[in-house]
Structure formats: structure tokens, C-alpha cells
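Participant: The following block contains the structure, expressed as C-alpha cells.
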Amino acid sequence: MITLMYITNKPEVALIAERSNVDRVFLDMEYIGKAERQSGMDTAQCAHTIEDIKNIRKVITKSELLVRCNSIYSGSEEEINNIIDAGADVIMLPYFKTVDEVAFFIKTVAGRAKVCLLVETPQAVEQIDEILALDGIDEAHIGINDLSIGYRKKFLFEVLVDGTVEYLCKKCKEKKLRYGFGGIASLGRGKLTSDYVIMEHYRLGSTMAILSRSFCNTEKMHDLSAINAVFTNGVKAIREYEDYCREHTELWESNKKQTAEVIHSIVAEM
């Protein structure tokens, strides 16, 4: 099954996610340079804190706690140590461009948490063999938002059909690393509906995905019973569709073709 992740710093929402069998609660401390490079895009700018990590750590018992730190800067060592001390199970490095940045990150984490690389720059793609040759990497996630910016794409899912995501998945698979990409909305929703995307996860051997903000936008929804219903029904529907994807491998290639057609159609209308 795909490891599903949901971004929130609200303990009550984290508990609902955990009880709905979301595998990871995701806290996002990245803020350095993010607003500038994603300007004009409908992306979340979270800037969660160390206190948020501590608060979420107190309430979840089954789901893992993943924290995205900032890209490497002068205060990275202190930030990484604080994140781990606050209780992160997995720590994600975003927006790296060099082998040295990844090596520094692995050395600083020092086995105290799982190391997850967020591959989201063209420079990282170009050096992926050297990067993945480093010891101490547990998993990789392919960040299609920033990759689409880096490659000057109009639509974030273009990197799914231009060979970029498939290339990176292949590289991770060769190294026997867990890997995933992008986010998914509720079944049947999204500009590119999640049905196409989930089957692509299975075709590519991806085992991780973020539940997108559109899956459940708790900035707009405040009733906990309504949020609980969205999670319960939404995760159940995704899991059932995953069963369908596994049982119908003969559809994977035709889904790839249909996904490309839909994406090209979306881009043509932009």
C-alpha cells in the first residue's frame, strides 16, 4: 500500500488522520526561499515550528512523524538537532542542489531519524547517481512542484509524462530505496484526477504520496466531525482503488497513455 502523508500542525487533525490510517503526519518547517520560488502558485506555505513537533509527538502513537527542515544554510545543524530532539521519526531535506549538501545532512542526522531526500531541483536530477551513492539515505520523495518550476513547465504534472519522474523512480529502485512522488487529492478529484495518478504510482513502483491540501483543507473546514468524515471516507476510497490497481496490472500502460493525453490537454488550455 502507498504510505499516505498529511501535512498539519493541528493535534486534533493529526489524531483524526492517524485514526483514519494515514501513515505519516507531516510537519513543514521549510520557509527559506520557498515563498519567492513558488510565487504565484497555489501551494501551502506552512512554516511550522519546533513546538508544533512536540505537540504532535504527544498525541500520535501509530503514525510516523515526518518533518521537512529548511534547505542547507548556516543554521542547519542546530535546526536538524532540534527537530530530532523534538521527536521526528523521519526528517526530509528539501531543495538541495549538491552532493555535499546531502552528505552534510546525512552526517548531521547521524542515524537518529530516517533520512528522506526531497528531489526537487534540476541540479539534483543531474547528480542523482552521485547523490544516491551516499550511504545513509533511507528514502526519496520526488517534489513535482519545484521540479516543474525548475524545468519551466506550465503544469506541475508535466514532469510525470516527460520522463523525469520515471527516470528518478528507476534510479531509486536500482538502489533499493523507498520512493514516492507528489500529492494526491480525493479519489476522482484534482485537475488531473487522482485515479490516474494513483495508478501511475503503482506502475512506477512508488510507495509514498502526500494527501494534498484539496483532500482536506482544514484552513477552510473547522468542524471536526466533518473533517473526520472526509478522512475516513477519503482514505477508504483510496485504499480500495489501490486494490483495484494491484489487481489490474494490464491497465497500467493504457493508464500511462491516458494520463499523458489528459496532461497535454490541460497544458494546451493554459
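Participant: Looking at THR259, GLY111, MET1, which one has the Cα that reaches farthest to the positive end of the dipole of the chain (charges on Cβ: Lys, Arg +1; Asp, Glu -1)?
Facilitator: Among THR259, GLY111, MET1, the one farthest towards the positive end of the dipole of the chain is MET1.
Participant: Need the full-extension length gain, ARG19 to VAL267, defined as separation in residues times 0.36 nm minus the C-alpha distance. One decimal, nm.
Facilitator: Gain on extension, ARG19 to VAL267, equals 85.5 nm.
Participant: With a 10 Å radius around each residue's Cβ, average the other Cβ atoms per peptide and rank 102-112, 249-259, 60-70, 140-150, highest first.
Facilitator: Highest to lowest by the protection proxy: 140-150, 60-70, 102-112, 249-259.
Participant: While we're on this one: Each residue of the range 10-16 in order: what ³J(HN,Hα) in whole Hz does its phi give by Karplus 6.51 cos²θ - 1.76 cosθ + 1.60, θ = phi - 60°, with x for Gly and Pro?
Facilitator: These are the phi-based 3J(HN,Hα) values: 9, x, 5, 6, 4, 5, 4 Hz.
Participant: Next question. Could you point to the label whose value was computed as Rg/Rh (Cα atoms, Kirkwood Rh) for the structure here, given (1) 0.94; (2) 1.07; (3) 1.03?
Facilitator: (1)
Participant: Given R₀ = 22 Å, FRET efficiency for GLU240-LYS191 by Cβ-Cβ distance, to 0.05?
Facilitator: In this case the efficiency is close to 0.45.
Participant: Taking R0 as 25 Å, what's the FRET efficiency between ASP89 and TYR31 from their Cβ-Cβ distance, rounded to 0.05?
Facilitator: For R0 = 25 Å, the calculated efficiency reads 0.70.
Participant: Could you sort the peptides 235-246, 177-188 by per-residue average Cβ neighbour count (10 Å cutoff), highest mean leading?
Facilitator: Listed from highest to lowest mean packing, they are 177-188, 235-246.
Participant: What FRET efficiency comes out for the pair ALA103/ASN81, r = Cβ-Cβ distance, R0 = 22 Å, nearest 0.05?
Facilitator: 0.80
Participant: To continue, here is another question. Using the Cα centre of the chain as origin and beta-carbon charges of +1 (Lys, Arg) and -1 (Asp, Glu), tell me which of LEU224, ALA133, TYR151 is placed farthest towards the positive end of the dipole.
Facilitator: LEU224
No lab work stands behind these numbers, since they all come straight from the coordinates. Predicted model, so just to flag it, every value in this text is computed and none were measured. Glycine also receives a Cβ, built like all others from the backbone with ideal geometry; neighbour counts cover every protein chain displayed.
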